[in-house]
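Taking it in order: structure first as structure tokens, then the write-up.
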Amino acid sequence: MTLSGAAQNTDANSVEAEAGALTDGFHLVIDALKLNDINTIYGVPGIPITDFGRMAQAEGMRVISFRHEQHAGNAAAIAGYLTQKPGICLTVSAPGFLNGLTALANATTNCFPMILISGSSEREIVDLQQGDYEEMDQLAIAKPLCKAAFRVLHAEDIGIAVARAIRAAVSGRPGGVYLDLPAKLFGQTMDAVAGAKSLVKVIDPAPRQLPAPESVARALDVLKGAKRPLIILGKGAAYAQCDDDIRALVEQSGIPYLPMSMAKGLLPDDHPQSAGAARSLVLKESDVVMLIGARLNWLLSHGKGKSWGAPGTKQFIQIDIEPREMDSNVEIAAPLVGDIGSCVAALLDGLGGAWQAPPAEWTGAISEKKEVNLARMAPKLQNNNVPMDFHGALGALRTIVKQRPDAILVNEGANTLDFARSIIDMYQPRKRLDVGTWGIMGIGMGAAVAAAVETGKPVLAVEGDSAFGFSGMEVETICRYKLPVCIVVFNNNGIYRGTDTNPTGGPDVATTVFVKDARYDMMMQAFGGVGVHVTSPDELTRAVNEAMDSGKPTLVNAVIDENAGTESGRIGNLNPQSVVSKT
Ligand code: ADP
Ligand code: TZD
Ligand code: MG
């Protein structure tokens, strides 16, 4: 990764200073970030960080101002995921900080490196609770929600604090870090030469962590004993950026693999070894499962229960940098603790010539199942119904993504998410950004902005109408920075469906229903972007292709049959049921 650079840390000599000149807290923070190759800030201005943002821009940093801190924070998290450098989110004190905190907690949950930098009010007043402007003990509140939290009181400590924040965010299991900068710190001055010397360029911020040889041997033993092996690739594997080795391991071992949603495209979804279209079969029938950067959380039914077949019939190998992840839900027969790059390289080394590909019975059964499922799906994806159903609309987008494999897909919603995840194939690593571990709504526009800013590639955001609403105001941000983002709102008049009614027959509409036939496209037009209203898959195809060719900020309001969705998409089983009443 770029942060580590050459090992030329010593005295921060890349920041030059004139003898006798002064520097201050503002400039030391900026210089500390730049020294560590961090050149982009996502935030919202206000007291006490308005001037900091201005100065950062004046010093050549890219400062992207949002309309709400949560979306700036989500952008920072996605920037971290895409680049392996911590994304920076900058907020004002108390309320701005709290708005950013959701994103910080979400980043930590997803193992994305980011740093939330918030201005804060004066320590003396906060600690005596004397009612300062936006008073809050932010450090204490942030601590349980992130990997590490630091406060800086003296300008000469800024260099080391930024270095610690960077290292905490990206080393080991990546996550969110909070950096508390009280207003007074920014104005503190110090000798510029001493200031430059106080900065730290982090050497090797995310050191390789090699797996123990005996752990590698154990993992290979378990793998070799398998009759029905399966590899599960998670977003940790995508984050690790060792794409070629992962592909080599899958292909040389001949083992079928299942990508978790953000690992789609790490190998192309049309790869012959992909078991994506035979998910239930492989989860149930496999006898050895190797997890690479994927946790056995709710997304994998905790490795237990019906979806995994009879208890005790499966052995797990798990590759993860976090030792405490092992045995979190079920026994891990072969824990392989280390960074994915090193672990996969060690396994590749150990496969050697004696490796036997999995039995044809197993791979054949998977291929058969895939064919049946894909053949069943194909005609649905080609329907040209008006109003559109999810299959017809997503069939159109699936073709567009196939033709534009380097575009980044952002995806959130319930039905809009669940159907898109299985219907839209991905072809390149780290091209799919979605609701992640929490299944959180509201990541959409932050993720879209960061994807465009960090990669310069076109972005296609496929959004449920509810999901879009959580960050919808950021269409102004997208227009303001003229980002190549095409948003498609799957407008089914509400959450899951637009058809619910108020059980009392009273004047309020049902809790899941929105204004009928809303024109989200006009929101984009309000800020000078392109807004298009479409009702058929053909119109949708035309509008999205046009947007992606032009690179102009575009919002396509795609009318979806309000009857088409199901409750909670595909996770309705997680809803608690009342035994008393059923409405
Ligand atoms: P998914 O949701 O795709 O299943 P998770 O977020 O549950 O993925 O799991 C990602 C896992 O990857 C985490 O347990 C994290 O510790 C691990 N991880 C992240 N980066 C690395 C890395 N470079 N090396 C090893 N493990 C990693
Ligand atoms: N709030 C947050 C922050 N995250 C959530 N996941 C939810 C609320 C609950 N929720 C879901 O899990 S999906 C969803 C909500 C509100 C919206 C689904 O409606 P949609 O998608 O319009 O986005 P479909 O296509 O109509 O199903
Ligand atoms: Mg909806």
Find how much the distance from Asp51 to Ala140 grows on full extension, using 0.36 nm per residue of separation minus their present alpha carbon separation; answer in nm with one decimal. 29.5 nm
Leaving out same-chain residues fewer than 8 places away, which lysines sit with a Cα under 26 Å from that of Lys85? Lys34, Lys143, Lys147, Lys197, Lys201, Lys235, Lys264, Lys431, Lys457, Lys482
For segment 438-516, what is the relative contact order in percent, using Cα pairs closer than 8 Å and at least 6 residues apart in sequence? 28
Relative contact order as a percentage, the chain, C-alpha pairs under 8 Å and 6+ apart, gives 12
For segment 345-361 versus segment 194-255, the gap between their alpha-carbon centres in whole angstrom: 17
Take the Cα gyration tensor of the chain, multiply each eigenvalue by 5, square-root it, and list the three semi-axes largest first, rounded to whole angstrom. 40, 33, 22
At 7 Å along the Cα-to-beta-carbon direction for both Glu16 and Tyr133, put a label point, then send me their distance in nm to one decimal. 3.7
Normalised Cα Rg of segment 213-367, dividing by 2.2 N^0.38 Å with N its residue count, works out at 0.92
If packing is taken as the mean number of other Cβ atoms within 10 Å per residue, what is the order of 457-466, 547-556, highest first? 457-466, 547-556
Separation between the Ser65 and Glu322 pseudo-spin-labels, each 7 Å from Cα along Cα→Cβ, expressed in nm? 3.6
Quick note, segment 9-198: a/c under 1.5 would make it rounded; otherwise a/b > b/c is prolate and the rest oblate (a ≥ b ≥ c, C-alpha gyration tensor); here it is oblate
Within straight cross-link reach of Lys227, meaning Cα distance under 17 Å, which lysines are found once same-chain residues fewer than 8 apart are removed? Lys284, Lys314
Straight-line reach check, Lys380, cutoff 20 Å on alpha carbons, 8 or more apart in-chain or any other chain, hits among lysines -> Lys369, Lys370, Lys402
Can you give me the Kirkwood hydrodynamic radius for segment 382-573, using every pair of distinct Cα atoms, in Å to one decimal? 16.3
Computed label-point distance, nm, for sites Val372 and Glu124 using a 7 Å Cα→Cβ extension: 7.6
Show me 538-544, 49-55, 156-162 ranked by packing, highest mean number of other Cβ atoms within 10 Å first. 156-162, 538-544, 49-55
The FRET efficiency for Asp191 and Ala58, from their Cβ-Cβ distance with R0 = 22 Å and rounded to 0.05, is 0.50
Quick one: work out the % antiparallel among DSSP beta bridges in the chain, nearest 5. 5
Got a sec? How would Phe490, Phe316, Phe527 order by Cβ neighbour count within 10 Å, fewest to most? Phe527, Phe316, Phe490
Assuming R0 = 60 Å, can you tell me the calculated FRET efficiency for the pair Ala217 and Leu153, based on Cβ-Cβ distance, to the nearest 0.05? 0.75
9 Å beta-carbon shell around Lys227, net charge (K/R +1, D/E -1): -1
9 Å beta-carbon shell around Val282, net charge (K/R +1, D/E -1): +3
Taking only DSSP H segments of four or more residues, each worth -39500 (n - 2.57), what value at 222 nm results for the chain once the sum is divided by all its residues, to the nearest 500 deg cm²/dmol? -11500 deg cm²/dmol
What full-extension length gain, to one decimal in nm, is calculated for Asn563 and Gln241 as 0.36 nm per residue of separation minus the Cα-Cα distance? 111.8 nm
Quick check: Cα centre of segment 42-112 to Cα centre of segment 457-483, how many Å? 17
Using only alpha carbon pairs under 8 Å that are at least six residues apart, calculate the relative contact order of segment 213-367 and give it in whole percent. 32
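All of the numbers you see were taken from the coordinates with simple rules; none came from a lab. Given the structure is predicted, the values throughout are model-derived calculations rather than measurements. FYI the Cβ positions are ideal-geometry reconstructions off the backbone, even for glycines, and counts take in every protein chain you see.
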